[in-house]
Amino acid sequence: MTIAPEEDRLNAQIAFAIEIDKLKRIIRRNHLIDGSRRENSAEHSWYVGTLAMVLGEHAPPGTDLQRVVAMLLVHDLVEIDAGDTFVYDAVAVEAQAEAERAAADRIFGLLPDEQGVWLRELWDEFEARKTPEARFAKALDRFAPILANHHTEGGTWPLFKVTAAEVREKVRIIEEGSPSLGAYALELVELSVARGHLSE
């Protein structure tokens, strides 16, 4: 039996849909803001995508927020293969890029060609941080864990002996994408230090 091209296309899209469901099982180190459990990567992607819509006024003027949301929805799909890399683990971060590129090749390669290319381009743009959209997306990606840690009495910071200097370094990435969110994140860091939830 011959498979019609449109059926072949739909089969590829369904295969991708089934594959990306696996993102729900990738557990991150950050806890939910209520402290009840650790979040998974699919929840994180949904959360930062929604933040892009709510906090869009803090993006540089002219930023394409639809593109930011699309970028954030796909930015962590590579974790299906590569796992979640703890941003404060320098050794793991160094090995991360190669594993994530291979994952992007495989996962986006499941889609019909033009869709796979489109989503891969969004992922590459996010990683490169050369456009206002990518910088704002990355800012939100870094902002969310700081917000969560601040509201869970330090969350993962004391657990993994993360210092205020290390967190301030991540705030610079937020500032690159949104000066106002960067300033707010820095306030959270200083408050966390003052409350004894983050060590100098």
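The values are calculated or read from the model by the stated rules, or taken from the named source; none is laboratory data. The model shown is predicted, which means the values in this text are computed figures rather than measured ones. When we count neighbours, we look across all protein chains shown, and the Cβ atoms used for this are built from the backbone with ideal geometry, even at glycine. The accessibility values were calculated without ligands, DNA or RNA, using every heavy atom of the protein model including side chains. Shrake-Rupley method; radii C 1.70, N 1.55, O 1.52, S 1.80 Å.
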Could you order 129, 120, 172 by accessible surface area, starting with the largest, using a probe radius of 1.4 Å? 172, 129, 120
For the stretch 5-195, with the dipole built from +1 on Lys and Arg beta-carbon atoms and -1 on Asp and Glu ones, taken about the Cα centre, which of 86, 136, 96 lies farthest toward the positive end? 86
Qualifying aspartates and glutamates (Cα of each under 12 Å from Cα of residue 161; at least 8 residues distant if same chain): 89, 200
In nm, to one decimal, how far is the modelled label at residue 65 from the one at residue 89, with both set 7 Å along Cα→Cβ? 3.5 nm
Relative contact order [Cα under 8 Å, 6+ residues apart], the chain, whole percent: 22 percent
If every Lys and Arg gets +1 and every Asp and Glu gets -1 at its Cβ, then about the Cα centre the chain yields a dipole, in debye to the nearest 20, of 580 debye
Points 7 angstrom from Cα along the Cβ direction at residue 168 and residue 121: gap in nanometres? 4.0 nm
Grab the other residues whose beta carbon is less than 15 angstrom from that of residue 167, score K and R as +1, D and E as -1, and report the net. -2
Using a simple spin-label model with points 7 Å from Cα along the Cα→Cβ vector, what separation in nm is obtained for residue 128 and residue 18? 3.4 nm
Taking the square root of 5 times each eigenvalue of the Cα gyration tensor, what semi-axes in Å does the equivalent ellipsoid of the chain have, largest first? 33, 19, 14
Charge sum, other residues only, whose C-beta stays under 10 Å from residue 67's C-beta, Lys/Arg counted +1 and Asp/Glu -1: -3
Whole-angstrom gap from the stretch 149-188 to the stretch 43-64, using each part's C-alpha centre: 18 Å
